[in-house]
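Colleague: Structure in structure tokens, see below.
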Amino acid sequence: MARSSSKNLPPQLPEPDQVTISTFPSCSQLETTEQIRGFELLRLAFFALKLRKLEQHQELVGDENEYKFRCSLLRHVIFQQILTLQALGAREQALQLIEACRK
């Protein structure tokens with residue numbers, strides 16, 4: 001049985017009643033500072049929540065060194081996100097988001 005290649009299929013057009021997010025550009029490129037700021041805040045929330053989940057379920061990571069390594073990586077990424085958001089003028093929002101994720 002031969003598989004059909006997706007390269008041979010014509011591009012799919014969105015359905016007329018398909019839900020779209022108006023703030024996300026159709027070309028999949030973030031264009032405004034507000035869009036970039038929102039995306040970076042979303043990334044920060046993701047990493048902060050991943051760190052909280054890891055800290056809450058420490059026992060699921062069998063190796064103590066592995067646990068410390070993962071926490072260290074997530075803290076580094078969170079720090080980098082704060083620097084990025086500070087450059088975008090959203091430092092206070094970033095700190096508030098981290099505080100909210102700790103609760």
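Colleague: So I21 clears everything in (1) at pLDDT 90 or above; (2) among the hydrophobic types (A, V, I, L, M, F, W, C); (3) part of a loop (DSSP other than H, G, I, E, B) except one condition, right? Which one?
Modeller: Unmet condition: (1).
Every residue, every condition in (1) in contact with a Ser or Thr (Cβ under 9 Å, 6 or more places away or on another chain); (2) of a type outside the set (V, I, T); (3) surrounded by 13 or more Cβ atoms within 10 Å (Cβ to Cβ); (4) part of a helix (DSSP H, G or I), yes or no:
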residue: E34; (1), (2), (3), (4): yes, yes, no, yes
residue: G38; (1), (2), (3), (4): yes, yes, yes, yes
residue: A45; (1), (2), (3), (4): no, yes, yes, yes
residue: K50; (1), (2), (3), (4): no, yes, yes, yes
residue: L74; (1), (2), (3), (4): no, yes, yes, yes
residue: I78; (1), (2), (3), (4): no, no, yes, yes
residue: G89; (1), (2), (3), (4): yes, yes, no, no
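To keep it simple, each residue is scored yes or no on (1) over 13 Å from the mean Cα position of the chain (by Cα); (2) at pLDDT 95 or above.
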{"site": "Q35", "(1), (2)": "yes, no"}
{"site": "E40", "(1), (2)": "no, no"}
{"site": "F69", "(1), (2)": "yes, no"}
{"site": "F79", "(1), (2)": "yes, yes"}
{"site": "R91", "(1), (2)": "yes, no"}
{"site": "E99", "(1), (2)": "yes, no"}
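The values are calculated or read from the model by the stated rules, or taken from the named source; none is laboratory data. Note that the structure is predicted; figures quoted are calculated from it, not measured. Backbone-built Cβ (ideal geometry, glycine too); neighbour counts: all protein chains shown.
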